[in-house]
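Peer 1: Here you go, one structure.
What follows draws every value from the coordinates through simple rules; no lab data is involved. Worth saying up front: this structure is predicted, and the values here are computed from it rather than measured. Don't worry about glycine lacking a Cβ; one is built from the backbone with ideal geometry, like all the others, and counts go over all protein chains shown.
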Amino acid sequence: MNQAVPPGKTLLTPFNIISGIILLIGGIITILRFTQGIGAVTNLDDTNPWGIWIGFDLLCGVALAAGGYVTCAACYIFGLKKFRCAVRPAILTAFLGYALVVLALHYDVGRPWRLPFPIFVSQGTSSILFEVALCVFLYLTVLLLEFSPVVFEWLNWKGARYLIGKVSMVLVIFGIILSTLHQSSLGALFLIAPSKLHPLWHSGYIAVYFFISSIFAGMSMVIAEHMLVARFLHDKIDAEHNIESNTVALGFAKAAAFLMAGYVMIQIIGIAMDNDWKYLGTGWGLWYLTEIVGFVVLPAGFYAVGVRERNVKLIRWTSFWVVSGIVLNRLNVSLVAFNWQLPLDQRYFPSFMEIMTTVFIITLGVVIYKFIVVRMPVLHGHPDYPDDHH
Amino acid sequence: MGVLHDISRCIGCRKCEAACNKVNSLPPPDRPFDDLGVLAHKRRPHAGTYTVVNRFEIPNRHSPAFVKKQCNHCEEPACVSACFVKALKKSATGAVIYDPSLCVGCRYCMIACPFDIPAYEYDNPFTPEVTKCTLCQPRIEKGLVPGCVEACPKEALTFGTRDGLLEIARQRIKDFPEKYVNHIYGEYEMGGCNWLYISPVPFAALDMREDLGITPAPQLTGGALAAVPVVVSLWIVFINGIHAISKRKEQLAEEEKKAAVAQGIKTEQEKLADTVAKLKEKARADQEAAVKREIKKALEAADRQTDETEPALESSSRTPLETTPAGKKESE
């Protein structure tokens, strides 16, 4: 990081100290995990085979990386040129998100060196997880290519930059298709376990729920991310990005408000289809309503008000609310409402080391994000490529 | 092939557990197999334990019921359809067989299994495996019956073909309707199992779920998988269509802008030409008027001079008169 620090400034900033400590703890847990086994660091057991490394790192990581394909679609497919400044930060977030998802999977699966097996060795095509694996693999490749112009501009590799610019539309379209399949298939993973997932969360529409919610999750992430970046890395943002970020916030908030309303509608249809009304009166129903009303209906209303009154500040704060709602939904599906019939003493709660591993991976993402945006033309244009972003 | 477990005959002696441990060369248990104290708690299969017997106290019944728990070797197994590397396969004998050489360790099979059977070696850092009952496939291939069936002292376990076992089960229920509930567990559950159960008490009282339904697991995800090619092909059309429309709109806007600019320039140019022409016209008219005025002035001046010089004309020369035409010529 020394390149980013002007001479005379210390490396011992609060950010560096805290992230350093977390990375150190993460390193120790990593050694434990890979020498002593999964059982040594997690609370996973035979009845609860998936913990927060899947429920948070994978499911939330992928949902919150949706900003990449959503912004690309808005800018390049729907032709909303004013969203162009949001494309690069969103692709960076998506790329890092997916890369960290794959990293987290290395901790979670028993034999991570076999992760390429489903694609290259033995294809279990009847499994939804096969679809997930294939999409993660392909989309990570697409994101790497979509982000590569930034690196090429930084390194001043004009030829490579020119070539990648030629295929950018193909990458965008491929990325949207893969994301659609992938976001939805993460929900479809749970179709096979109707006896374990609570009926209010288990639905034939769960794949659609995951896909639709990923769109407004991605939009909210783009809005929220800009707020954080504007606060902590404001010297890296050029004027154009700052001006356009308001347009992006207003545009995405409006779209997200509509999508969230639609999402609530299909949730209601899902309950009607399976005739799950009777569960609404139970404790689980209360929890379900908390998720749907408290984290979808209400923030959707706040988005709508924010758009009507052109209150970007309100929209930005609401975006964090929506993001936490998505996290709640994914955790509910994978952990809270999963195995809901088991007695409490057989339920799962993450161990300290599991939580620290997740914190470690998030910190790693933040550090890499900062490293990149400080050096590369992400939040500001490159002087040689004034109005091209792909 | 399969096994029929007659719960009414089971006495919970755990001999099947011991035999299973022996024939599969599993690690020795924490507590010996003749220690029946372990029955105080409900157990499930774990790494190194393919099968367990549980005891259930039934209200209004003088003796407890014992149920053996192990892989049910489903006809259309959830775990097999869930495995993304085909590490689990349904073999011709009916056994669901695990191949550790392919397993990545994602544990989706454990999520998928409605009976909570597959277990994982969480404490093995380098070669962890999923563990579960094999129906003693290696013994079946040698013409032997599964270890647990052979060991059972009460014939609570019967090995045979699935159809044959169903017949036996039906016969027993028919012969002793007061002894059994009229339900062969595993006949239809999750599309049917190769391990079948008959019981003197409702299965729900034995922690055996009766709400699993009769849909085979692969059908639960079949729809989502079938949607993949549809989504891919439709999305290609939609995305390209929307892209083309927005491109075309942009193009039209651009063309309209250009046309409007061109039209504007044309109008302005015409206006300019018009103004220039008018100005030219006006200039010429002014000039002519000026000339006319000069001529008029000159003529008037000449007239005046003529009048003034008239009296003198008769006495002097006519030179001033002659100069006037010369002045006129100059002004032209």
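Peer 1: How would segment B:85-124 be classified by its alpha-carbon gyration tensor: rounded, prolate or oblate, with rounded meaning a/c under 1.5 and the a/b versus b/c comparison settling the rest?
Peer 2: oblate
Peer 1: Below 11 angstrom from the Cβ of A:R33, what's the summed charge of the other residues (Lys, Arg +1; Asp, Glu -1)?
Peer 2: Net charge around A:R33: -2.
Peer 1: A further question on this structure: Using Cα-Cα distances under 8 Å and only pairs 6 or more residues apart, what relative contact order does segment A:50-350 have, in percent?
Peer 2: Rounded, it is 25 percent for segment A:50-350.
Peer 1: With a ≥ b ≥ c the root eigenvalues of the C-alpha gyration tensor of chain B, is it rounded (a/c under 1.5), prolate (a/b larger than b/c) or oblate?
Peer 2: prolate
Peer 1: Continuing with this model, one more query. Within segment A:64-94, which residues have the backbone N less than 11 Å from the label spot 7 Å out from B:A244 along Cα→beta-carbon, could you tell me?
Peer 2: Answer for segment A:64-94: none.
Peer 1: While we're looking at this one, here's another question. By a straight-distance test (C-alpha under 23 Å), which lysines pair with B:K15 as possible cross-link partners, with residues fewer than eight away in the same chain excluded?
Peer 2: The qualifying lysines are B:K42, B:K68, B:K69, B:K132, B:K142, B:K154.
Peer 1: Scan around B:T131 for amide H atoms under 5 Å from its own, H built in the peptide plane at 1.01 Å from N, and keep only partners 5 or more places away or cross-chain.
Peer 2: Correct list: B:A119, B:Y120, B:E121.
Peer 1: Next question. With axes computed from alpha carbons, what is the tilt in degrees of helix A:352-375 against the longest principal axis of chain A, rounded to the nearest 10 within 0 to 90?
Peer 2: Here the helix axis deviates by roughly 20 degrees.
Peer 1: Going by alpha carbons, how many degrees (0 to 90, nearest 10) lie between the helix axis of A:168-188 and the longest principal axis of chain A?
Peer 2: Orientation of helix A:168-188: about 20 degrees from the principal axis.
Peer 1: Taking amide H atoms as placed 1.01 Å from N in the peptide plane, list the residues 5 or more away in sequence, or in a different chain, whose amide H sits under 5 Å from that of B:V85.
Peer 2: Excluding prolines and chain starts, which carry no amide H, the hits are A:G124.
Peer 1: While we're here: Per-residue Cβ counts within 10 Å, from other chains only, averaged over A:120-126: what number is that?
Peer 2: 6
Peer 1: Same structure again: Using each residue's phi in segment A:228-234, evaluate 6.51 cos²θ - 1.76 cosθ + 1.60 at θ = phi - 60° and report the 3J(HN,Hα) Karplus result to the nearest Hz, with x for Gly and Pro.
Peer 2: Ordered by residue, 3J(HN,Hα) equals 5, 5, 5, 7, 9, 10, 4 Hz.
Peer 1: State, as an integer percentage, the relative contact order of segment B:25-75 based on alpha-carbon contacts under 8 Å between residues 6 or more apart.
Peer 2: This gives 27 percent for segment B:25-75.
Peer 1: While we're looking at this one, here's another question. Restricting things to alpha carbons, tell me how big the protein assembly as shown is in terms of Rg and Dmax, in Å.
Peer 2: Looking at the protein assembly as shown, its Cα Rg and Dmax stand at 40.7, 178 Å.
Peer 1: Please give me the summed charge of the neighbours of B:P153: other residues whose Cβ is under 12 Å from its Cβ, Lys and Arg +1, Asp and Glu -1.
Peer 2: Net charge in that neighbourhood comes out at +2.
Peer 1: Give the long-range amide H neighbours of A:G110: residues separated by 5 or more places, or on another chain, with amide H under 5 Å away, using H modelled in the peptide plane at 1.01 Å from N.
Peer 2: Counting only residues 5 or more places away or on other chains, the set is B:G105, B:C106.
Peer 1: By counting other Cβ atoms within 10 Å of each Cβ, how are A:F78, B:F126 ranked from fewest to most?
Peer 2: Ascending Cβ contact count within 10 Å gives the list B:F126, A:F78.
Peer 1: Only helical DSSP H runs with n ≥ 4 go in: add -39500 (n - 2.57) per run for chain B, normalise by residue count and round the 222 nm mean residue ellipticity to 500 deg cm²/dmol.
Peer 2: Calculated from helices alone, the mean residue ellipticity at 222 nm is -16000 deg cm²/dmol.
Peer 1: From the phi angles alone, apply the Karplus equation (6.51, -1.76, 1.60; θ = phi - 60°) to segment A:217-222 and give each ³J(HN,Hα) in whole Hz, x where the residue is Gly or Pro.
Peer 2: Along segment A:217-222, the couplings run 5, x, 4, 5, 4, 4 Hz.
Peer 1: Follow-up question, since we're still on this one. Would you calculate the separation in nanometres between label points at B:E255 and B:L299, each defined as 7 Å from the Cα along the Cα-to-beta-carbon direction?
Peer 2: Going from the B:E255 label point to the B:L299 one covers 6.5 nm.
Peer 1: Counting each DSSP H run of 4 or more residues in chain A as -39500 (n - 2.57), what helix-only mean residue ellipticity at 222 nm follows after dividing by all residues, to the nearest 500 deg cm²/dmol?
Peer 2: It comes out at -21500 deg cm²/dmol, rounded to the nearest 500.
Peer 1: Across segment B:116-123, in residue order, what do the Karplus-derived ³J(HN,Hα) couplings come to in whole Hz, using 6.51 cos²θ - 1.76 cosθ + 1.60 with θ = phi - 60° and x for Gly and Pro?
Peer 2: 6, 9, x, 10, 10, 7, 5, 8
Peer 1: List residues of segment B:53-70, by number, whose backbone nitrogen lies under 14 Å from a label position 7 Å along Cα→C-beta of B:I11.
Peer 2: B:64, B:66, by backbone N distance to the label point.
Peer 1: Is the shape of segment A:50-350 best called rounded, prolate or oblate, per the rule: a/c under 1.5 gives rounded, else a/b larger than b/c gives prolate, else oblate, with a ≥ b ≥ c the square roots of the Cα gyration tensor eigenvalues?
Peer 2: It is oblate, given that a/c is not under 1.5 and a/b is not larger than b/c.
Peer 1: Of the trypsin sites (Lys or Arg not before Pro) in segment A:1-102, which ones lie in a loop per DSSP and count no more than 14 other C-beta atoms within 10 Å?
Peer 2: Qualifying residues, ordered by number: A:K9.
Peer 1: In addition: Suppose the chain between A:F352 and A:I243 were pulled fully straight at 0.36 nm per residue; how much longer would it get relative to their current alpha carbon spacing?
Peer 2: So the chain would gain 35.0 nm between A:F352 and A:I243.
Peer 1: Same structure, new question: Summing Lys, Arg as +1 and Asp, Glu as -1, what charge do residues with Cβ under 13 Å from the Cβ of B:V80 carry, B:V80 excluded?
Peer 2: Once positives and negatives cancel, what remains is +1.
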